[in-house]
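Right, one structure below, let's go through it.
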Amino acid sequence: MIPLMGSWTDLHRMRAGLPVLVHGDGTSLWTLTHSRDFARAFTGLLGHPAAAGESYTITSDEFLPWNEIYRILAAAAGVPEPELVHVASETIASRDPGRGPGLLGDKAHSVIFDNTKIKSLVPEFTAEIPFAAGAVEILDWYDAHPEEQKIDPDFMALSDALAGY
């Protein structure tokens, strides 16, 4: 899954040398977890009597600012230095109401999770796959499946408008 606001459209823009919108100033922190890391923790809960009826946070202990997330994905896409254009989350939300709730209620704020509870029940759990490695897997998969490289023309237009094109 591409965690960027514009999904594949942002990666297409990076590869085309076009500016990419980043919500806010790009410094809010985010936690990304590889599915294989999640699966190792989750399977450790299966059949464990103490897990019944409980909820668990299962995330990586790596947290990154959005600017770095964009740069890591750009590097995986073969783009050494993407042009990141910072736009207030409120501005993006007002111009694209479909993305607004996810930006304002979620991604605009730093998100760091506490994995103490899962590690107390599954002590061998450690997230081992850094986002940079996952980003390479994401790009490899999309490059092998060009039919999934969907460009959103509305988000292209919004990106051009908000980037001053």
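The values are calculated or read from the model by the stated rules, or taken from the named source; none is laboratory data. In this text the structure is predicted, and so the values were computed from the model without any measurement. Heads up, the Cβs are rebuilt from the backbone with ideal geometry, glycines too, and the neighbour counts pull from every protein chain shown.
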Residue check: is Thr27 assigned to a loop (DSSP other than H, G, I, E, B) and farther than 23 Å from Leu162 by Cβ? no
Please note which helices (runs of 4 or more DSSP H) are completely contained in the stretch 53-122 and include at least 1 residues that are modelled with pLDDT under 95 and in contact with a Leu (Cβ under 6 Å, 6 or more places away or on another chain). 89-95
Look through the stretch 127-165, keep the residues that are part of a loop (DSSP other than H, G, I, E, B) and under 18 Å from the mean Cα position of the chain (by Cα), and return whichever of them is surrounded by the most Cβ atoms within 10 Å (Cβ to Cβ). Ala127
Has the stretch 22-36 got at least one residue that is surrounded by 14 or more Cβ atoms within 10 Å (Cβ to Cβ), of a type in the set (Gly, Ala, Ser) and touching a Phe, Trp or Tyr at 6+ places or on another chain (Cβ under 7 Å)? yes
I'd like the full set of residues that are free of Cβ contacts under 8 Å to residues at least 24 places away in the same chain and either in contact with a strand residue (DSSP E or B) (Cβ under 8 Å, 6 or more places away or on another chain) or surrounded by 11 or more Cβ atoms within 10 Å (Cβ to Cβ) (or both), limited to the stretch 107-119. Lys119
